[in-house]
Structures are given as C-alpha cells and as structure tokens.
Amino acid sequence: MSKNKKVPYYVRLIHRYLGFFLAGIMSVYAISGVVLIFRNTDFLKYEQSVERKIKTDLKKEKLGKALRIRNLEITKIEGNLIYFKQGVYNKQTGVANYTKKDLAPALKKLNQLHKSTTNTPLYWLNIFFGFSLLFFSLSAFWMYLPKAKIFRKGLYFAFGGIVLTLLLLFM
C-alpha cells in the first residue's frame, strides 16, 4: 500500500471493478430468479409426452411417487388401466404414458443457479457471488465520508431495506 493511498481508496477500487464484474452475474441471476418465481405455473413451460416403464401392479398411492408426479389424481380405473389427469398407467405391463410440462432446456439450466447444492460445480459460483454481494453492499459505505449527509441517508436506506425484507419474510 502506498503512503498516500489508504484503505478506503482500495475498497472503492475493488468495489468499482467488482461491481462491473458482478453486473454480468447479477443479470443472469435476475432473469433466472424471475423465471423461478413462476415455477408453480405453466408460464414458459412446454408440454412433452413421456413413456416410462415402472414396476408392475403398483397401487394408486405409490404411482405418483414412481412417476415423480406430485398430487397425482386418479380419475378412473378400468381393469389394468389407471387413468390420471396427465395420462394412463397399465398395471400389467408397468408402462405409463403421460404428458408433463417442463421449462425449455436453457431456462432449466438458468434455474440450476438458484437450486445448486454442494453436489454441483455451480455452488462455487454461488459462494463467490454471495460473498461478493456481501462485500459489495458493505463496501458501498466506503464511498462517502461518515460525516457526510449522504452517508447518513445511506444508513437509513440500508436499515429500511433490512426492515422491509424482514417484514416480508415473516408475513
């Protein structure tokens, strides 16, 4: 560190270039986050036909789990055929023909950003992104002198952001 350049100078420098770098990552996260909000709807999903062979003679209670269909509703049973909203299952052959709705592959990949775990390489990006955002939010306070009026206003806005988030979180 040079004699005339103090910590606030370097914090602002890192903040500036990290901000430019994070702008790209935040754009991708923003798009995937908005898409993820609609995961319980059919928005941006397309329908695809599926034929799967599963265990034979499954009871209706275990069928939904085997097909990975939540809240499977049986509409009727005729002999060896079990009909449900999405399709039909043959108890004798174990073949299920049904339709499912899914996001396009590119959007599905984007959503993995938010759903990654330690089993996927994306979690390193999430850790980096999380700590970078934490640094970014804290380093914003080095942009202005603590005695400046705008610094105090910034503290009020930061406090307001925390309160709003906690209110919405616990509603």
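Accessible surface calculations at 1.4 Å, restricted to protein heavy atoms, place the stretch 56-97 at 71 Å² per residue. Of all the options Leu110, Leu67, Leu36, the one that moves most in a Gaussian network model of the chain with Cα springs shorter than 10 angstrom is Leu67. Just list whichever of Lys6/Lys115; Lys62/Lys101; Lys59/Lys100; Lys109/Lys153; Lys59/Lys115 have alpha carbons separated by over 29 Å in the model shown. Violating the 29 Å limit, Cα to Cα: Lys6/Lys115; Lys109/Lys153; Lys59/Lys115.
Using the alpha carbons alone, the radius of gyration of the stretch 22-141 stands to its Kirkwood radius in an Rg to Rh ratio of 1.17. Calculated on the Cα set of the stretch 91-171, radius of gyration then Dmax: 22.1, 78 Å.
Considering only protein heavy atoms and a 1.4 Å probe, what is the carbon-and-sulfur percentage of the accessible area of the chain? Carbon-and-sulfur percentage of accessible area, whole number: 64. Over the residues of the chain, the helix contribution to mean residue ellipticity at 222 nm works out to -17500 deg cm²/dmol, using -39500 (n - 2.57) for each DSSP H run of at least 4.
3J(HN,Hα) couplings calculated from phi for the stretch 56-68 with the Karplus curve 6.51 cos²θ - 1.76 cosθ + 1.60 (θ = phi - 60°) are, in sequence order, 7, 6, 6, 6, 4, 5, 8, 5, x, 5, 5, 8, 6 Hz; Gly and Pro show x. Ligands, DNA and RNA excluded, the heavy atoms of Glu61 present near 140 Å² of accessible surface to a 1.4 Å solvent probe. Highest mean packing comes first when the peptides 9-15, 153-159 are listed by Cβ atoms within 10 Å, giving 9-15, 153-159.
Which distance in Å, rounded to a whole number, links the C-alpha centroids of the stretch 95-171 and the stretch 36-57? The stretch 95-171 and the stretch 36-57 have Cα centres separated by 28 Å.
Farthest toward the positive end of the dipole of the chain, out of Tyr10, Gly33, Thr117, is the Cα of Tyr10, where the dipole comes from beta carbon charges about the Cα centre.
Within 13 Å, Cβ to Cβ, of Asn40, how many net charges do the neighbouring residues add up to if Lys/Arg are +1 and Asp/Glu are -1? With Lys, Arg at +1 and Asp, Glu at -1, the neighbours total +3. If you take all other residues with their beta carbon under 11 Å from the beta carbon of Phe84, and give Lys and Arg +1 and Asp and Glu -1, the sum is +2.
Phi angles across the stretch 140-150 convert, under the Karplus curve 6.51 cos²θ - 1.76 cosθ + 1.60 with θ = phi - 60°, into 3J(HN,Hα) values of 4, 6, 8, 6, 10, 5, x, 7, 6, 4, 5 Hz, Gly and Pro given as x. By the equivalent-ellipsoid construction on the alpha carbon gyration tensor, the stretch 1-47 comes out with semi-axes of 42, 8, 5 Å, ordered largest to smallest.
The values are calculated or read from the model by the stated rules, or taken from the named source; none is laboratory data. Keep in mind it's a predicted model, so treat the numbers as computed, not measured. Neighbour counts are summed over all protein chains in view; Cβ atoms, including those assigned to glycine, are modelled from backbone coordinates with ideal geometry. Quick note on the areas: whole protein, heavy atoms, side chains included, nothing else; ligands and nucleic acids left out. Shrake-Rupley method; radii C 1.70, N 1.55, O 1.52, S 1.80 Å.
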